[in-house]
Amino acid sequence: MKIGEFLQDRVISLLLHLFCMLVLSTFLLLTGTSSGVVVTILIVWVIGFCIWTAADYLRQRNQFHELEAIMDGLEQKYLFMECAPKPNDFFWRKIFGLFRRAGKSMIETVSDAEEKQRNYREYIENWVHEIKVPITAIELICENNKSETSRKICSQLALIEGHVERALYYARLDCVEKDFIIRETSLLESVKRALSKYRFLLTQNNVRIETENLGKCVYTDGKWVEFMLGQLLSNAVKYRSASPVISICVEETDGRTRLTVKDNGIGIPASELRRIFDKGFTGSNGRTLGGSTGMGLYLCRKLTEALGVYLEANSRENEYTAISICFPRPLSYENER
């Protein structure tokens, strides 16, 4: 609270005091009071007014700083009225009571919304685990009855499983930090598991896989890396060229370990490249081919933010698209090298 702002709110009070001083001094002078007495009265009045105003300013400033400290210390800002001290003035006690009633109503509304969100998230998580049972059963049936039809079914099942996993990870975004375990992870093993999960989709679409220099380890959550790789592979297949090739490689530069998935597909227009990680963004390619939700890369970006890594995207229309997951290398590892 600044002194200028405080005085601005008291302009009317200041003018009223000046008017009263003028009236009183005029009256005293007309009644024969000496000018020295009048001046003394006015000086005492001004000093008293200044002392009262300064004390009121200091009191309000201290109260404001106390309330500001309470607000800054709260994680749930809507609980402010429950923690704020009750004012001394009768009028402000009434206003405080109204604000507290409004705050309680908002808290109840927020609690209800959080409960509904929690129930919905639990339902989605249970649904995902339940739906995986028939998906696995269908995969086993197709494995035991191999044919061209069963291979096509398995490739579609891979797409279904990708959508199911996206739903699960999206439901967990609000509490994502509770679900990961950071430990030394082999990128080679993560790539193998991701390729195995999408093998039918890749085979059905005649995608050739090339790998290079995958024998590196990083500190991350392997399950999340596999999910992100699955999204990148799925996109590479969807936006493939006539002779699709996906190359997966690891390189170490600038203190980072980059896991890059590059395809020779239809690419991304330069004007859209910076928006591909935005929620719900499908782009011109997604609209042309259809079936795009704009959620896969968005989820990848949110997961990398939680893991402390980041994504890089590079593309040239009708030539290639390369998406890199960049992991920081630990200092101890750097020192060993």
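The values are calculated or read from the model by the stated rules, or taken from the named source; none is laboratory data. For clarity, every value in this text was computed on a predicted model and none was experimentally measured. Don't worry about glycine lacking a Cβ; one is built from the backbone with ideal geometry, like all the others, and counts go over all protein chains shown.
Can you find even one residue in region 110-130 that is under 30 Å from Q63 (Cβ atoms), in a helix (DSSP H, G or I), hydrophobic (A, V, I, L, M, F, W, C) and at pLDDT 80 or above?
Kept after step one, since they are under 30 Å from Q63 (Cβ atoms), are these residues of region 110-130: 110-111.
Next cut, in a helix (DSSP H, G or I) only: 110-111.
Cutting the leftovers down to hydrophobic (A, V, I, L, M, F, W, C) gives us 110.
Retained after the next criterion (residues that are at pLDDT 80 or above): 110.
Yes, there is a match, as at least one residue in region 110-130 is under 30 Å from Q63 (Cβ atoms), in a helix (DSSP H, G or I), hydrophobic (A, V, I, L, M, F, W, C) and at pLDDT 80 or above.
Name the single residue that is farthest from Q63 (Cα to Cα) among those in region 1-34 being aromatic (F, W, Y) and surrounded by 11 or more Cβ atoms within 10 Å (Cβ to Cβ). Spell out the reasoning first.
Of region 1-34, the ones aromatic (F, W, Y) are 6, 19, 27.
Subset that is surrounded by 11 or more Cβ atoms within 10 Å (Cβ to Cβ): 6, 27.
Values: F6: 13, F27: 40 Å.
It comes out as F27.
Is it the case, given these coordinates, that E305 is loosely packed, with under 14 Cβ neighbours inside 10 Å and in a strand (DSSP E or B)?
no
Across region 274-286, what is the number of residues that are more than 16 Å from A236 (Cβ to Cβ) and outside any loop (DSSP other than H, G, I, E, B)?
Within region 274-286, residues that are more than 16 Å from A236 (Cβ to Cβ) and outside any loop (DSSP other than H, G, I, E, B) number 3.
Name the one entry in K192, K223 that is outside any strand (DSSP E or B) and either at pLDDT 90 or above or touching a strand residue (DSSP E or B) at 6+ places or on another chain (Cβ under 8 Å) (or both).
K192
Could you pull out the residue among K86, K94 that is exposed (fewer than 13 other Cβ atoms within 10 Å of the Cβ), among the charged types (D, E, K, R) and not in a helix (DSSP H, G or I)?
When all the criteria are applied, what remains is K86.
Could you say which residue among V218, V207 is farther than 21 Å from G294 by Cβ, more than 25 Å from the chain's Cα centre (by Cα) and modelled with pLDDT of 90 or more? First the steps, then the outcome.
Numbers: V218 fails: more than 25 Å from the chain's Cα centre (by Cα).
Result of the check over V218, V207: V207.
Given the condition assigned to a helix (DSSP H, G or I), modelled with pLDDT under 85, out of contact with any helix residue (DSSP H, G or I) (no Cβ under 9 Å at 6 or more places or on another chain) and of a type in the set (K, R), answer yes or no: does some residue in region 73-82 qualify?
No, region 73-82 contains no residue that is assigned to a helix (DSSP H, G or I), modelled with pLDDT under 85, out of contact with any helix residue (DSSP H, G or I) (no Cβ under 9 Å at 6 or more places or on another chain) and of a type in the set (K, R).
What tally of residues in region 234-263 results from selecting those that are in a strand (DSSP E or B), out of contact with any helix residue (DSSP H, G or I) (no Cβ under 9 Å at 6 or more places or on another chain) and modelled with pLDDT of 90 or more?
Step one: list which residues in region 234-263 are in a strand (DSSP E or B), which gives 245-253, 256-263.
Filter again for out of contact with any helix residue (DSSP H, G or I) (no Cβ under 9 Å at 6 or more places or on another chain), leaving 245, 247, 249, 251-253, 256, 258, 260.
Right, trim to modelled with pLDDT of 90 or more and you get 245, 247, 249, 251, 258, 260.
Of the residues in that region, 6 qualify.
Among the residues of region 211-241, write down those that are within 26 Å of K146 (Cα to Cα) and surrounded by fewer than 17 Cβ atoms within 10 Å (Cβ to Cβ).
Within region 211-241, none qualify.
Go through region 1-42 residue by residue and tally those that are within 52 Å of the chain's Cα centre (by Cα) and not small (G, A, S). I'd like the intermediate steps shown before the answer.
The first filter runs over region 1-42 and keeps only residues within 52 Å of the chain's Cα centre (by Cα), leaving 1-15.
After this cut, where a residue has to be not small (G, A, S) as well, the list is 1-3, 5-12, 14-15.
Of the residues in region 1-42, 13 are within 52 Å of the chain's Cα centre (by Cα) and not small (G, A, S).
Condition check: at pLDDT 85 or above and more than 27 Å from S186 (Cα to Cα). Does L273 satisfy that?
Here the answer is yes, as L273 does meet what is asked.
Tell me, please, whether a residue that is touching a residue at least 60 places away in the same chain (Cβ under 8 Å), part of a helix (DSSP H, G or I) and within 21 Å of K2 (Cβ to Cβ) can be found in region 54-62.
yes
Just to be sure before I move on: is L311 at pLDDT 90 or above, under 25 Å from A171 (Cβ atoms) and assigned to a strand (DSSP E or B) in the structure I sent?
Against the criterion (at pLDDT 90 or above, under 25 Å from A171 (Cβ atoms) and assigned to a strand (DSSP E or B)), L311 qualifies.
Within region 163-189, how many residues turn out to be assigned to a helix (DSSP H, G or I) and either in contact with a helix residue (DSSP H, G or I) (Cβ under 7 Å, 6 or more places away or on another chain) or not basic (K, R) (or both)?
Residues flagged as assigned to a helix (DSSP H, G or I) and either in contact with a helix residue (DSSP H, G or I) (Cβ under 7 Å, 6 or more places away or on another chain) or not basic (K, R) (or both) within region 163-189 amount to 17.
Mind listing just one residue for me: the one in region 38-75 that is among the aromatic types (F, W, Y) and either in contact with a Phe, Trp or Tyr (Cβ under 6 Å, 6 or more places away or on another chain) or surrounded by 13 or more Cβ atoms within 10 Å (Cβ to Cβ) (or both) and, of those, farthest from G103 (Cα to Cα)?
W45
Being without any contact (Cβ under 8 Å) to a residue 24 or more places away in the chain and part of a helix (DSSP H, G or I) narrows it down to one residue among I70, I135, I107, I160; which is it? Outline the logic, then answer.
Numbers: I135 fails: without any contact (Cβ under 8 Å) to a residue 24 or more places away in the chain; I107 fails: without any contact (Cβ under 8 Å) to a residue 24 or more places away in the chain; I160 fails: without any contact (Cβ under 8 Å) to a residue 24 or more places away in the chain.
From the options I70, I135, I107, I160, the qualifying one is I70.
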